[in-house]
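The structure appears below as structure tokens.
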Amino acid sequence: MASVVGLLHPGEMGAAIGAVLRQRGIDVLWASEGRSEATAVRADAAGLDDAVTVSELARRSDVVLSVCPPHAAAEVAEAVGGFEGVFVDANAISPATTRRIAATFARFVDGGIVGGPPSESYGPRLYLSGADAGAAAELFEGTHVTARVLSDGVGDASALKMAYASWTKGTAALLLAIREVARSEGVEEALLAEWRESIPELEARLASAERSAAAKGWRWVAEMEEIAATFEAAGAPPGFHQAAADVFRRM
């Protein structure tokens, strides 16, 4: 099992995953150069050690784990340079984007996270694929992060993440757009009343979509674009999620 993991970067999800690895006794590094004070606070709370620069982080790490907004995934991978360990990309990106990034590393694991940040009572699923997927999964044995190896094919974990999020976040965008149309036409209250009667779960789902989009919609724009690209590559209409990107962009 790897003794040192470099984490790029400790956002809400990344910091929580870093804390899980620390609980296993694994040294976890982060790079403070160019990062915000809020990121530094999260890293400190998670018990991460500051390598200052990404290049120093890569030099000292056995595994580098990338957990960042989708639009930054390629840039983060490029910043690692000629890293010779195992690079794990656990970002919400298309299989095609994943394979382009994988081509720049000797050892690469494709990852897709389903669920929210791990806590003392909850954990997400981390789907993994690639030749070193089993080694990456070992990092999380006995933790609240359930690591599931799909295959040795790079792109499979990303494909699953794209398919899953196409429903969860795609339908959230649809609900937000429906409400805007109803509001614009002056029938919002009538629509909500009908939902309460015939589809009662939708009102709570809409409220959840509004909260999530307000907090994280900015990072979902690129995710919807990646999903649209995944659909198009599979011969399916990309327009659903191109429109979803527009919805979140407005938020």
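Quick notes on this one:
- Selection from region 1-39 of residues that are closer than 24 Å to GLU84 by Cα and of a type in the set (Lys, Arg): ARG22, ARG24
- A single entry from ALA228, ALA222 fulfils the requirement of being open to solvent by less than 40 Å² (accessible area, probe 1.4 Å), under 22 Å from TYR127 (Cα atoms), without any contact (Cβ under 8 Å) to a residue 24 or more places away in the chain and touching a Pro at 6+ places or on another chain (Cβ under 9 Å): ALA228.
- When each of LEU150, LEU128, LEU191, LEU160 is tested for being touching a residue at least 24 places away in the same chain (Cβ under 8 Å) and in contact with a helix residue (DSSP H, G or I) (Cβ under 7 Å, 6 or more places away or on another chain), the lone residue that passes is LEU128.
- Some residue of region 92-101 being farther than 27 Å from SER151 by Cα, open to solvent by 10 Å² or more (accessible area, probe 1.4 Å), aliphatic (A, V, I, L, M) and under 21 Å from the mean Cα position of the chain (by Cα): no
- Meets criteria (among the acidic types (Asp, Glu), open to solvent by 70 Å² or more (accessible area, probe 1.4 Å) and closer than 26 Å to GLY6 by Cβ) for GLU194: no
- Highlighted here are the strands (runs of 3 or more DSSP E) found entirely within region 25-91 that include at least 1 residues which are open to solvent by 30 Å² or more (accessible area, probe 1.4 Å): 27-30.
The values are calculated or read from the model by the stated rules, or taken from the named source; none is laboratory data. Only a predicted model underlies this, so the values are computations on that prediction, with no experimental measurement involved. Every residue, glycine among them, receives a Cβ derived from its backbone with ideal geometry; neighbour counts consider all protein chains shown. Surface areas here come from the heavy atoms of the whole protein model, side chains and all, with no ligands, DNA or RNA. Shrake-Rupley method; radii C 1.70, N 1.55, O 1.52, S 1.80 Å.
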